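Single-structure report; data block below.
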Amino acid sequence: MAKRKNTVERVADEPNVQLIKDMASMSKDPYKWVLYSFDWGKGELSDFTGPDEWQKNALNDIGTGLKTIGQVIQEATASGHGIGKSALVAWIILWALSTFEDTKGIVTANTETQLKTKTWAELAKWYRLFIAKDWFEFTATAIYSKDPEHEKTWRLDMVAWSEHKTEAFAGMHNKGKRIVIIFDEASAIPDPIWDVTQGALTDENTEIMWFVFGNPTRNTGRFCDCFGKNRHRWTTRQIDSRTAKMTNKAQIQKWVEDYGEDSDYVRVRVRGVFPNTSDKQFIPANYVEMARTKSIGVYEYQFAPKIIGVDPAWGGDDEIAIMMRQGNCSRLLAKYRGIKDDMVIAGYVAKFEDDEQADAVFIDLGYGTGIYSAGKQLGREWILVPFGGASTNPGLLNKRTDMWDQMKQWLKNGGTIPNDPVLCGDLTAPEYYVVMRGPQTGKVNLESKEDMKARGLPSPNRADALALTFAMPVRAKKNHSNPSFSGSQSTGTLEFAKGTVDIFA
């Protein structure tokens, strides 16, 4: 029986044998491939001699990474507008497919509209100009090999993400071959999609490449983390629109003059750096950064009341958080997880109240009625606070938004918090919106815990516990001459005489 020829052997029988050899030789050199694969300086590309400098650097970084055996390529690019990001995405896709047999890939974006009208439309343009376009079939949702034996295994698909249907991202395996994953406008892609995509990074002896691009519109979330706490996992670049060849420099200069160099508008749309405040973020990140690094005097707030806030667990995976605030000082007293006995929790709260000689204890009404009732049995006069109750500020929808607004102003005006990454994340995570219909039209509402869960974010229990300390004015019963708070002048961070309690059932 005659041996069946593989794809390369079959195509080698055709006139484009040299083209196949050339493409194979550039499997680890995407920059050389881009220069080779398009008629630069002719026709539609008559005004261009090749990639922009930042695109060249990005392509060369990919090539360098591929030369390290076993390394997963993870590239994150944040940029201003109009720099040629979509063109780079198109080149990566075409290079990856044409230089490695049976490459599999997926591309998604923040919205289906962005995916179809920008990302996929740009790929269509470069596919049309591609020297080896006859090797592949291009459709409205996929590009794949014309060889019928490989059309299922040698392809890249356009997939609109859904946090409720993550199968397409979870199933990206291609052992021994090449995998390409691309997120466009990655700031708005929810955390669950990022989480399941991680599963595609486990195949051994496989070339795995994950590229994320976008305007840095939010200073929270996984895209921002690529440049922050996870930057050791990513090759990152932030591209200022003023450095790119194709941008309208006159228009950009008008933006800078109108809004200011360090305005969030210019930071996001021009400089390619993350904003101080995301478009919908309620508490700016710089308020939190300032609050966690500010130092205070030991006895500066001994006159102020000590107020404890208790936020019970919202769901099975959430923690119960207990915060205390005295003047401009705050402290995480305890965090519990898995304890379902309200009497046990009430006992802990009562002990903190006694130890700290607290002047008031506020508990979230929603899930705290059991703790409150148990406290009653212990002779405690704690106060339940309905998050959905009336706000003292007519411009805010409810009590929770009101308390968070007071907390935001407190942070802005000198409040200090522990250097706790979870609390810092809790404070910056919730977004807000303005009610657009009904009798509450025009009022600001803080994002609910349910909506945050839908975005793949945890319940901000520690921040809610701190917000509860702003539920209502409190008068100190006595002068707290021995405060448990102390300032660390050497590190600039807030520390406390007593450690945080961390109990798990």
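Some notes on this structure:
- Of all residues making up segment 34-61, the number that are within 23 Å of ARG231 (Cα to Cα) and out of contact with any strand residue (DSSP E or B) (no Cβ under 6 Å at 6 or more places or on another chain): 7
- Single residue of segment 305-363 satisfying the filter (modelled with pLDDT under 95 and of a type in the set (Phe, Trp, Tyr)) that is surrounded by the fewest Cβ atoms within 10 Å (Cβ to Cβ): TYR336
- Residue satisfying all of: in segment 64-84; at positive phi and touching a helix residue (DSSP H, G or I) at 6+ places or on another chain (Cβ under 8 Å); surrounded by the fewest Cβ atoms within 10 Å (Cβ to Cβ) among these: GLY82
- Taken over segment 256-274, the criterion of being crowded, with 19+ Cβ neighbours inside 10 Å and either without any contact (Cβ under 8 Å) to a residue 12 or more places away in the chain or in a helix (DSSP H, G or I) (or both) is satisfied by ASP264, VAL266, ARG267, VAL268, ARG269, VAL270, ARG271.
- Residue within segment 24-31 that is in the same structural domain as GLN198 (by TED's automatic domain parsing), in contact with a helix residue (DSSP H, G or I) (Cβ under 9 Å, 6 or more places away or on another chain), assigned to a loop (DSSP other than H, G, I, E, B) and closer than 25 Å to ALA109 by Cβ present: no
- Residues in segment 329-354 that are in a helix (DSSP H, G or I), in contact (Cβ under 8 Å) with a residue 24 or more places away in the chain and more than 22 Å from SER459 (Cβ to Cβ): MET343, GLY347, ALA350, GLU353.
- Test result for THR64, without any contact (Cβ under 8 Å) to a residue 24 or more places away in the chain and either farther than 17 Å from PHE211 by Cα or assigned by TED's automatic domain parsing to the domain that holds LEU201 (or both): yes
- Selection status of TRP120, out of contact with any strand residue (DSSP E or B) (no Cβ under 6 Å at 6 or more places or on another chain) and touching a residue at least 12 places away in the same chain (Cβ under 8 Å): no
- When THR293, THR247 are checked against the criterion of being in the same structural domain as ASP464 (by TED's automatic domain parsing), surrounded by fewer than 22 Cβ atoms within 10 Å (Cβ to Cβ) and of a type in the set (S, T, N, Q), THR293 stands alone in meeting it.
- Residues in segment 419-474 that are basic (Lys, Arg) and in contact (Cβ under 8 Å) with a residue 12 or more places away in the chain were compared, and the one that is surrounded by the most Cβ atoms within 10 Å (Cβ to Cβ) is ARG462.
- Qualifying residue in segment 232-247 (condition: over 24 Å from the mean Cα position of the chain (by Cα) and part of a helix (DSSP H, G or I)): yes
- Options ASP61, ASP52; residue that is surrounded by fewer than 20 Cβ atoms within 10 Å (Cβ to Cβ) and touching an Asp or Glu at 6+ places or on another chain (Cβ under 7 Å): ASP61
- Residue identified as modelled with pLDDT of 90 or more and surrounded by 18 or more Cβ atoms within 10 Å (Cβ to Cβ) among PHE213, PHE169: PHE213
- Here GLU75 meets each of (1) more than 24 Å from LEU201 (Cα to Cα); (2) charged (D, E, K, R); (3) in contact with a strand residue (DSSP E or B) (Cβ under 8 Å, 6 or more places away or on another chain) with one exception, condition (1).
- Exactly one residue out of ILE143, ILE208, ILE189, ILE106 is under 26 Å from GLY84 (Cβ atoms), buried (at least 19 other Cβ atoms within 10 Å of the Cβ) and within 17 Å of the chain's Cα centre (by Cα): that is ILE189.
- Screening the candidates ASP464, ASP405, ASP426, ASP451 for the property of being more than 19 Å from GLY309 (Cβ to Cβ) and either outside the structural domain of TRP194 (by TED's automatic domain parsing) or not in a helix (DSSP H, G or I) (or both) yields one hit, ASP451.
The values are calculated or read from the model by the stated rules, or taken from the named source; none is laboratory data. Since the model is a prediction, treat every value here as computed from it, not as a measurement. Every residue, glycine as well, gets a Cβ built from its backbone with ideal geometry; the counts of neighbours run over all protein chains shown.
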